[in-house]
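*Asks:* Please see the structure below; I have some questions.
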Amino acid sequence: MSGVRVSQPVLEKDMGEIINYIKDSFDELRDHVSWTPLMELQRMTVVVFVFSVIFALIIWLADTILSEVFELYFDLL
């Protein structure tokens, strides 16, 4: 034996259970999940984008300032 294991084939009963599970999952998503309204979703996306840009600019500014400070410090040594 080569030590390779071969799994048992999926039985039709098991496949039917999997299909029912997937159908039930889609029914749950369609009928019982409360989705965020599109306008609110778009507004929140813009808010996240704006704050991400602001945060990135703050990080860039801090990095630039610290780079200059360290460069001046090491030039003095």
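The values are calculated or read from the model by the stated rules, or taken from the named source; none is laboratory data. Since the model is a prediction, treat every value here as computed from it, not as a measurement. Quick reminder, even Gly has a Cβ in these numbers, built from the backbone with ideal geometry, and neighbours come from all protein chains shown.
*Asks:* Looking at Ile18, Ile22, Ile59, Ile65, which is the one that is at pLDDT below 90 and either of a type in the set (A, V, I, L, M, F, W, C) or out of contact with any helix residue (DSSP H, G or I) (no Cβ under 9 Å at 6 or more places or on another chain) (or both)?
*Replies:* Ile18
*Asks:* Okay, moving on. May I ask you to say which residue of Met44, Met39 is part of a helix (DSSP H, G or I), at pLDDT 90 or above and surrounded by fewer than 10 Cβ atoms within 10 Å (Cβ to Cβ)?
*Replies:* Criteria check complete, one pass: Met39.
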